[in-house]
1. If you scan the stretch 14-29, which residues turn out to be surrounded by fewer than 16 Cβ atoms within 10 Å (Cβ to Cβ) and closer than 28 Å to residue 195 by Cα?
2. Can you give me the number of residues within the stretch 182-207 that are modelled with pLDDT of 75 or more and over 29 Å from residue 52 (Cβ atoms)?
3. Would you kindly identify the strands (runs of 3 or more DSSP E) lying entirely within the stretch 135-246 that contain at least 2 residues that are crowded, with 21+ Cβ neighbours inside 10 Å?
4. Which residues, taken from the stretch 218-248, are closer than 20 Å to residue 156 by Cα and away from the ligand (no atom under 16 Å from the Cβ)?
5. Evaluate the following for residue 32: is it buried (at least 16 other Cβ atoms within 10 Å of the Cβ) and out of contact with any helix residue (DSSP H, G or I) (no Cβ under 7 Å at 6 or more places or on another chain)?
6. Which condition number in (1) in contact with a strand residue (DSSP E or B) (Cβ under 6 Å, 6 or more places away or on another chain); (2) under 30 Å from residue 1 (Cα atoms) is the one that residue 92 fails?
7. Return yes when residue 95 is without any contact (Cβ under 8 Å) to a residue 12 or more places away in the chain and within 16 Å of the ligand (Cβ to nearest atom) and no when it is not.
8. Under the condition of being more than 16 Å from the ligand (Cβ to nearest atom) and in contact with a strand residue (DSSP E or B) (Cβ under 6 Å, 6 or more places away or on another chain), which residue from the stretch 159-184 is farthest from residue 241 (Cα to Cα)?
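The values are calculated or read from the model by the stated rules, or taken from the named source; none is laboratory data. Not measured: the values here are computed from a predicted model. Every residue, glycine as well, gets a Cβ built from its backbone with ideal geometry; the counts of neighbours run over all protein chains shown.
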Ligand SMILES: [Zn+2]
């Protein structure tokens, strides 16, 4: 099969959607994203965005693959244990979409590292990390450089996601929702989680990312919470905090 007919096949079901069409698919083909964290959320969102035919993806994780990852981090298998997550993820994703440009960052992310990436202006950033320090760092960078931030998390039977940006003068940021002074939050690292929950939230994050890319995302900042045990969704509007040190 030629490259061109592969591309046409890959894109055909998106092009059939009136809200995306050829124009939207062209935007997808030109899009760049950054995914921070190649755990359950990162594997799922990277998988779908990779298959959608985006142009470029930065993936960032400082961890190596561990046996405890295999229950939900669907890009990895037993022979990958001990290897760098970003390298194996890149190999897997390239098998599925050989045309994508994947850049790997095998480091803990902070402002300096983010600056070093020299991201193009409309790069969408997906926060799939599992700790609040990283989340605050990413948020700060997104507000400062006006990037859309698609944030997700999963723990036990519960998952949540929200989209922030890109007009931070008017709209809330991640720290309007979770402040560094709050002590009530809980890191997801090391806690129990049902494998498909991060998979589902990662897929939701990919949906929102594609909507942003295709200009069909509607601006309303809300936290979407899924309760897996009772199979219920809840939405909470996120308000801009007048005392937020990041977006004011
Ligand atoms: Zn804020």
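1. The answer is none; no residue qualifies.
2. The qualifying residues number 2.
3. Output list reads 149-155, 158-164.
4. 224, 225, 226, 227, 228, 229, 230, 231, 232, 233, 234, 235
5. Values: buried (at least 16 other Cβ atoms within 10 Å of the Cβ): yes; out of contact with any helix residue (DSSP H, G or I) (no Cβ under 7 Å at 6 or more places or on another chain): yes.
Here the answer is yes, as residue 32 does meet what is asked.
6. Tallying (1) in contact with a strand residue (DSSP E or B) (Cβ under 6 Å, 6 or more places away or on another chain); (2) under 30 Å from residue 1 (Cα atoms), residue 92 fails exactly one: (1).
7. Values: without any contact (Cβ under 8 Å) to a residue 12 or more places away in the chain: yes; within 16 Å of the ligand (Cβ to nearest atom): no.
So residue 95 fails the test.
8. 159
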